[in-house]
């Protein structure tokens, strides 16, 4: 569905709203403070565009924008949260009244509370270059043209590519403000753009193989060119022709830098304060102990310039800082907000995020540091292994660490890729997997807020025939 004129007026539709939204947030905090001890307001505004083509024809154009406010209050140790998309005087008054009423009904929790006033960040805040006006200026016509060029590059790259599931170009721009009754005020703008291409190739028996490639960055100039994205998508699709199962056995497994970040994200879930104080993480009580191979270095760094997860301050108003999570294989830090820190008798790591009024710990830019080997050298140094490029499903027990997922990729023998593989299951214990990482490549790329290079785990169970 094409939305007509709205698609061509982005610059007019999405002005810089920071001052306006800040004034609204300040007003809500003042209203709420007449009734509660703690009032915290966040307001967000965003405008998103997604344009998809398939076989050169426009398949979908969606553009939408919105604004919303969230209020979090604490009254006599009782917490309540409310949200609204109505930023009129009456809408904001109702937002406050509902929060106060809900707080009276909530259970008391003596550990609830804001970040200490003395620890709150004070501006001016570090400029992390998170907003690109060029992203904001892209209209539907340009988005469709970028998607068409990328898909055409994929189709033209090889005559075996005759079908496509399409190419999609998306962009978003947002403004967020946060005002806390403790005295903190902050505003941020951000942008993000992505391009994804999904070609199809057909086997002799009619089976279709689907591949893809994508690029994503905060700044338009940092995106990979459309031609490169399309051609790489075709290369990856053609590699899958002839895929089959392999025999069940224990062998090394190499995760490419798309699938490796999924492993890192799973590991990160066990570092979260909420999982720890609820005793649903195998990493509880493991600070300063070995949790990975000494090769492994993991950092959570919110101060990366143009980083997908970068932020100058956290969701509780604390100054952002880099946290070393794993150093030489040893666990150095959990990921905590103030509440989970109190539950665990540990300080906050300035890792709070805020969404819909709720506050909880989260990663920012969680990065496993790159090694020195190229991917080619990593493969060449491996006698036999499964190279995983895709994973399906999700089987993980955070308490025990047991891990099992469907996978596809390539069989390596004698340091060479010898055949594509599909319909296998890989399984092990995550604690053992992290400790058995015995080689790390240098292909780290920060496309999303969790990033890891390709790495090899010395043994996992691969279940096939």
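The values are calculated or read from the model by the stated rules, or taken from the named source; none is laboratory data. The structure displayed is predicted, hence computed values, not measured ones. Note that each Cβ is placed from the backbone with ideal geometry, even for glycine, and that neighbours are counted across all protein chains shown.
Structure above, values below:
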quantity	calculated
Test: residue in region 449-459 that is modelled with pLDDT under 95 and outside any loop (DSSP other than H, G, I, E, B)	no
Condition met for residue 56 (surrounded by 15 or more Cβ atoms within 10 Å (Cβ to Cβ) and outside the structural domain of residue 339 (by TED's automatic domain parsing))	no
Boolean, residue 203 is more than 22 Å from the chain's Cα centre (by Cα) and either more than 30 Å from residue 151 (Cβ to Cβ) or at pLDDT 95 or above (or both)	no
Hits in region 311-330 - residues which are over 28 Å from residue 357 (Cβ atoms) and crowded, with 21+ Cβ neighbours inside 10 Å	326
Of residues in region 245-303 being crowded, with 20+ Cβ neighbours inside 10 Å, part of a strand (DSSP E or B) and outside the structural domain of residue 419 (by TED's automatic domain parsing), the one nearest to the chain's Cα centre (by Cα)	300
Those residues of region 10-24 which are in a helix (DSSP H, G or I), farther than 13 Å from residue 46 by Cβ and either at pLDDT below 80 or under 27 Å from the mean Cα position of the chain (by Cα) (or both), in sequence order	11, 12, 18, 22
Criterion: in contact (Cβ under 8 Å) with a residue 40 or more places away in the chain, surrounded by fewer than 20 Cβ atoms within 10 Å (Cβ to Cβ) and touching a strand residue (DSSP E or B) at 6+ places or on another chain (Cβ under 9 Å) - qualifying residue of 364, 374	374
Count of residues meeting criterion [surrounded by fewer than 20 Cβ atoms within 10 Å (Cβ to Cβ) and part of a strand (DSSP E or B)] in region 62-83	9
Residues of region 415-439 classified as in contact with a helix residue (DSSP H, G or I) (Cβ under 9 Å, 6 or more places away or on another chain), surrounded by fewer than 20 Cβ atoms within 10 Å (Cβ to Cβ) and not in a strand (DSSP E or B), total	1
Selected residue (only one of 432, 443 is more than 22 Å from the chain's Cα centre (by Cα) and closer than 24 Å to residue 325 by Cβ)	432
Residues within region 43-98 that are in contact (Cβ under 8 Å) with a residue 60 or more places away in the chain and farther than 30 Å from residue 145 by Cβ, tallied	12
Residue within region 340-360 that is within 18 Å of the chain's Cα centre (by Cα), touching a residue at least 24 places away in the same chain (Cβ under 8 Å) and within 24 Å of residue 290 (Cβ to Cβ) present	yes
So residue 233, is it assigned by TED's automatic domain parsing to the domain that holds residue 347 and touching a residue at least 24 places away in the same chain (Cβ under 8 Å)	no
For residue 355: the one exception among (1) over 28 Å from residue 247 (Cβ atoms); (2) surrounded by 15 or more Cβ atoms within 10 Å (Cβ to Cβ)	(2)
Options 202, 101; residue that is without any contact (Cβ under 8 Å) to a residue 24 or more places away in the chain, outside the structural domain of residue 339 (by TED's automatic domain parsing) and surrounded by fewer than 20 Cβ atoms within 10 Å (Cβ to Cβ)	101
Condition check for residue 118: outside the structural domain of residue 364 (by TED's automatic domain parsing), within 27 Å of residue 193 (Cβ to Cβ), part of a helix (DSSP H, G or I) and free of Cβ contacts under 8 Å to residues at least 12 places away in the same chain	no
Given (1) farther than 18 Å from residue 259 by Cα; (2) in the same structural domain as residue 450 (by TED's automatic domain parsing); (3) outside any helix (DSSP H, G or I), number of the condition residue 377 does not satisfy	(3)
Selection count, region 218-234, where residues are in a loop (DSSP other than H, G, I, E, B), under 21 Å from the mean Cα position of the chain (by Cα) and over 30 Å from residue 122 (Cα atoms)	2
